[in-house]
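Have a look at the structure below before the remarks.
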Amino acid sequence: MTSPRRLIASVALAILTATTMTWGAAAPAGAEPPVDPPQPWHLPLRLYADAPVHATLPAGARARAATAVGVSPSSGNQETRFLGTGTGFTPGSSVRITVTRPDGAAYAGSYPHTKTAAGDGSFTWSWIWGSGDPLGTYTYTATDVSGTVVHTTFTIASGTGPPPAPAGSQLMFDAASAPSLATMTAWLASPYRTVGVYVPVEPGTDDRHDKVQSNLTASWVADVTALGWHVLPIYLGVQAPEACQGHDFWHLSGTPATARTQGARAAAYAARSVAALGIATSIPVFYDMEPYGSGCSAPLQAFFDGWTTGLHGAGLRAGAYGTQITVMKDLAARLDDPTFHEPDAVWVATDSRTTTTTGFSAPPDGSFVGERANQFRLGVTRRYGGVSINIDESVINTGVLTGTPPTPMPTAATRALAAVTVTGQVTARWTGTAPPGATLTSYDVRTRVGTTRTRLGAWRVRSTLPSTTRSLAARVAPGRTWCLGVRAHDSVGRVSAWSAPVCSTRPVDDRALTARGWLRQKSAGADGHTLTSTGRRGVALRLTGVRSGRVAVVVRGATRNRLRVALGGRLLGTTPATRGTGRHVLWLPTRAARAGTLVLTTARTGAIRIDGVLAVASG
């Protein structure tokens, strides 16, 4: 657990920085060790310090043309985070900051001695009382490069403990490990009445700090519930894709379709964990997604789509935990999308020190009404009934704890399908489950097809198959993309959602490419038993009328040459050299769908043998 900093310098602390930290051994690709690596309870607190929220900054300070600094609130206690602004300073300049203690002496602790004014002449700042600091009134002084000096004051009075919960909410705490029953009994003297617990996670994906949770049993849940506690389940499994999350976690896939499947799989395991513990189904299961960087919105959104639909299928409500600038921002971007299944409740990590559940930068007010929680304090030690625990503090709407669980539904999930088929023979497989008290009766199967010259066509329901049939074979013609999805029916008439689609593409044979300066040759092991080869520089292969979102080149054996690949006059990239025998599928960077002639031009001299090209139809 990282201790809170005395002073959080500015809103910029909310931005994820490139920090390298190592905990445990890195997970080998594709491996699932018998024991998951140990994890910290939290990442560094600066990753949770989102842009200041829940504070009403002085309207006068914002509106005044004159130079000014302001702070809100103007008085508080040892638990308060004071949020401030500066306005009317010279744009882009360095503003000198000094802080004076209540006794008139200069503050000797660590704090930013300069602030950079933005283009509108403003800056933001914040202050938290530090242990050992005197109580009383502090003076915050800002000096502009023009020589103008302005002041504001804030008063810190004695007082500890969490602020009270507003009407319609209650206080909650969570700890790295579920406390003992004796501790939960002693903490009836506390202001909290909900406890968050980290439920069992599927091995090979477990990112909890305490993976044993020795106190967390079904009898413990029953006993603390009888004492008057609400028990809120937290599932801490795979985290954001490694490209956006450099910490030593288990990571979800960067491919949205795979991430959605991982979300559904996590939901299935979480449902079993919650059922085994006997936790009330009225309370959502919250997925804990720790802070991450930019560039992974699509897989994160797909993951939470799978998480929500999976839990709903199990008759449980879904929750999402994360910061405003990561999880909540990505969820908010899809709230108006009818194809997206958002969670039932959100738990926003702010470390804001205030017990309100509105005013976040994301999700916007008006969404998740009455279904919100705010983790307003991270890593604080509290003592009640003679027992001390290091905890996180939250305020939670009572509606989160008393919601109506959805009706359990059957589920259907497709298994991974090879993205490329050279022979054209593919077999798609799937699985399904029925809710308690029902059995599966049948599956609907739908398919869609696209070519190098067309988008993927509309879905067509091919057939209804008995529940004992869980696969379908198909033949894919050269240059076509074939996709499949399934849904399940149960014995009481309920129908699952369509599964995430799986798709496979067959390359266009090399003979379909127009060639000048290339040699056609026979090859028994090649697709169509032919290859097109050259050792020259600057010679091209062309395929007209291509419309694609993703392109790859299929080569045979080692290549010393490279290909510059363009579609519709736009360069997609250059293929790498290859080593070894056999077939190599060389994917170009993903681009937005584009139409035109596909041109492959050799970039140097050296042997290269082309077996075909892949042009994956876009949706």
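The values are calculated or read from the model by the stated rules, or taken from the named source; none is laboratory data. On a predicted model such as this, the values are computed, not experimentally measured, just so you know. Cβ sites come from the backbone with ideal geometry, for glycine too, and all protein chains shown count toward neighbours. These area figures cover heavy atoms from the full protein model, side chains too; ligands, DNA and RNA do not enter into them. Shrake-Rupley method; radii C 1.70, N 1.55, O 1.52, S 1.80 Å.
Just a few scattered comments:
- Per-residue SASA entry for residue 542, accessible area with 1.4 Å probe, Å² rounded to 10: 110 Å²
- Long-range amide H partners of residue 442 with built H, under 5 Å: 467, 489
- Normalising the average separation of contacting C-alpha pairs (under 8 angstrom, six or more residues apart) by the number of residues puts the relative contact order of the chain at 10 percent.
- Phi angles of the stretch 562-573 translate, via the Karplus equation with coefficients 6.51, -1.76, 1.60 and θ = phi - 60°, into HN-Hα couplings of 9, 10, 8, 10, 10, 10, x, x, 10, 5, 8, x Hz per residue; Gly and Pro are given as x.
- Candidates 461, 617, 280 compared by Cα position along the dipole of the chain: farthest toward the positive end lies 617, with charges placed on Cβ.
- Using R0 = 56 Å, the C-beta based FRET efficiency linking residue 425 and residue 335 works out to 0.85.
- Ranked by how many other beta carbons lie within 10 Å on average, peptides 375-384, 197-206 from highest: 197-206, 375-384
- Rg(Cα) / (2.2 N^0.38 Å) computed for the chain, rounded to two decimals: 1.16
- Computed helical MRE - 222 nm, the chain, DSSP H runs ≥ 4 contributing -39500 (n - 2.57), nearest 500: -3000 deg cm²/dmol
- Computed about its Cα centre, the charge dipole of the stretch 96-187 is approximately 100 debye, with only Lys, Arg, Asp and Glu carrying charge at their Cβ.
- Accessible surface for the chain, divided over its residues, is 42 Å² per residue with a 1.4 Å probe.
- In order through the stretch 381-395: 3J(HN,Hα) via Karplus (6.51 cos²θ - 1.76 cosθ + 1.60), integer Hz, x for Gly, Pro: 9, 10, 10, 9, x, x, 10, 9, 9, 8, 9, 9, 10, 9, 10
- Shown in residue order for the stretch 408-424 are the 3J(HN,Hα) couplings computed by the Karplus curve 6.51 cos²θ - 1.76 cosθ + 1.60 at θ = phi - 60°: x, 10, x, 10, 9, 9, 8, 7, 4, 10, 4, 5, 10, 10, 8, 7, x Hz (x for Gly and Pro).
- Spatial offset of the stretch 356-375 relative to the stretch 434-482 amounts to 40 Å, using the alpha carbon center of each.
- Of the DSSP H helices in the chain, those with a Cα length along their own long axis of 18 Å or more and a mean Kyte-Doolittle hydropathy reaching -1.0 comprise 256-277, 297-313.
- Taking every DSSP beta bridge that has both ends in the chain, the antiparallel portion is near 80%.
- Rolling a 1.4 Å probe over the protein heavy atoms of the stretch 397-547, with every protein chain left in place, gives an accessible area that is 51 percent carbon and sulfur.
- Atom-type composition of the exposed protein surface of the stretch 313-355 places 49 percent of the accessible area on carbon and sulfur (1.4 angstrom probe).
- Solvent exposure of residue 506, expressed as accessible area, is near 30 Å², computed with a probe of 1.4 Å over the protein chains only.
- Dipole moment magnitude, nearest 20 debye, the chain about Cα centre, only Lys, Arg, Asp, Glu C-beta charged: 3800 debye
- Taking the charge dipole of the chain about its Cα centre, with +1 at Lys and Arg Cβ atoms and -1 at Asp and Glu Cβ atoms, the residue from 237, 181, 589 reaching farthest to the positive side is 589.
- The stretch 487-510 and the stretch 179-224 have Cα centres spaced 39 Å apart.
- Accessible surface of the stretch 63-167, 1.4 Å probe, proportion on carbon and sulfur as whole %: 53 percent
- Farthest toward the positive end of the dipole of the chain, out of 600, 375, 94, is the Cα of 600, where the dipole comes from beta carbon charges about the Cα centre.
- Radius 12 Å from Cβ of residue 393, net charge of other residues (Lys, Arg +1; Asp, Glu -1): -1
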